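Some notes on the structure that comes next.
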Amino acid sequence: MDTEKSQEFHVQGRRDFVKQTSLIAGGLMAAPILSKAASFSGSGEVIKIALIGCGGRGTGAATQALSTKENVQLVAMADAFPDRLSDSYNNIKEALGDKASRVAVPESNKFTGFDAYKQAIALADVVILATPPGFRPIHFEEAVKQGKHIFMEKPVATDPAGIKRVLDAAAVAKTKKLNVVVGLQRRYQNSYRELYKRFLDGMIGNIVSMQVWWNQGDLWVKPRKPGYTEMEYQMRNWYYFNWLCGDHIVEQHIHNIDVGNWFKGETPVTASGMGGRAIRTGKEYGEIYDHHFVEYRYADGVVMNSQCRHWKNATSKVDEEIVGTKGRIYCDRAQIVDHKGKVLYQYDKKAKENNPYQTEHDELFAAIAKGEYKFADAERGAQATFSAIIGRMATYSGQIIHWDKALDSGLDIHPATYAFDAKPPIVPDADGFYPYAKPGITKYVG
């Protein structure tokens, strides 16, 4: 976009990217015994957890980690803001009820500021990375460097340069046998897993097209308060700034795009589309769009049509539909039908569906407690994230975006300095409005 910078540096191409993830494309990895390089050796001792990012999702993720049946304890917390950390600490204790003793974070282990993550990570066996996604590559690198097991929320970056950093760190994580789970929870949801098994068995034949949706109403806005620097305002109202959020096509619609990639078994080669700011045009909405429509094309010509929007009082739909030569899968219904409408398979969601947010943590901590190396989701998380990023680049520019060229662009939309008195990469005009991308005018190199 107008405010995004381009830098030249070499990153691996799509073929290598896909090759890296081929071992995990269909599900869980084999489970070799955990290397002693990992910080926790599965000896039955307390598994110490650090929470990095104490907003709503971080609070929820920590609560779920502490609700597993393993011997776990929250020992450290970090956030940019003291008030957010304090609220999270209290909310986690309240949510845990009779397990509140699992929160053992003394004041000396509560860290705030941009560099707080380093101190918290050092105190843990497992770290939960749940800050705004723009910080994910930096925090993931540090957690891997310190040899920690990791749960990190999606998306894992907001630009191509961040994807490159995640991929490099993921390769190191593998050599250290660090378990990494990414919060793409449909991969841990019973109904999706059962649908995927039947897809592999050939129930719908070969995929000919896919449609994915994340259409919902409006979201929260954090108002600007007196005394905020521009950096603090953007950090608190982070959803509306791309260096922090990536736009809602990246932050939320990634789930549906990931399902398409999962069933297709590969990533798209191009993205083209349209989008804009039709409803959400106020200065409080920063620079992001309120709707995107993207046509993703895979190497064999199969197309995935993707749409997401935030329009109050408009029809909501969050779902995926996968069309094959012999039938189609309706993911939200957990149903497979033939082309005449005959139901071939119906998963009983009412009786058998799980809470995938909890299952992610149950399976991760069970593996760690047993000393197993079982999860390497980081590359897959990078694939899904980058698919969404090229969708954003397509709607912002109005151009066809090629996966390889976009990845090789090295586009970096982050500030040069992380500090509350530093200048963010985008600033408002004299009337308080932020510049935003305009198709046909906004250009990307590569």
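The values are calculated or read from the model by the stated rules, or taken from the named source; none is laboratory data. Since the model is a prediction, treat every value here as computed from it, not as a measurement. Because the Cβ atoms are built from the backbone with ideal geometry, glycine has one as well, and the counts that use them run over all protein chains shown. Ligands, DNA and RNA are stripped out before the accessible areas are found, and what is left, the full protein with its side chains, is counted by its heavy atoms. Shrake-Rupley method; radii C 1.70, N 1.55, O 1.52, S 1.80 Å.
Observations on the structure shown:
- Residue match in the range 354-368 (condition: in contact with a Leu (Cβ under 9 Å, 6 or more places away or on another chain) and β-branched (Val, Ile, Thr)): yes
- Wholly within the range 101-210, strands (runs of 3 or more DSSP E) carrying at least 2 residues that are at pLDDT 95 or above, in contact with a helix residue (DSSP H, G or I) (Cβ under 6 Å, 6 or more places away or on another chain) and open to solvent by less than 20 Å² (accessible area, probe 1.4 Å): 126-129, 149-152, 180-182
- Taking first residues from the range 275-287 that are in contact (Cβ under 8 Å) with a residue 40 or more places away in the chain and partners that are open to solvent by 20 Å² or more (accessible area, probe 1.4 Å) and among the polar types (S, T, N, Q), the Cβ contacts under 8 Å between residues at least 6 apart in sequence or on separate chains come to GLU287/THR3.
- Residues in the range 61-100 that are under 27 Å from GLU372 (Cα atoms) and open to solvent by 50 Å² or more (accessible area, probe 1.4 Å): LYS69, ASN71, GLN73, LYS99.
- Residue in the range 255-267 that is surrounded by fewer than 24 Cβ atoms within 10 Å (Cβ to Cβ), more than 26 Å from ARG198 (Cα to Cα) and in contact (Cβ under 8 Å) with a residue 40 or more places away in the chain present: no
- Filter result for ALA38 (modelled with pLDDT under 95 and touching a strand residue (DSSP E or B) at 6+ places or on another chain (Cβ under 9 Å)): yes
- A Cβ distance below 7 Å, combined with a sequence gap of six or more or placement on separate chains, defines the contacts here; from the range 87-114, residues that are free of Cβ contacts under 8 Å to residues at least 24 places away in the same chain and within 19 Å of ASN71 (Cα to Cα) reach residues that are open to solvent by 50 Å² or more (accessible area, probe 1.4 Å) and in a helix (DSSP H, G or I) in the pairs ALA100/LYS93.
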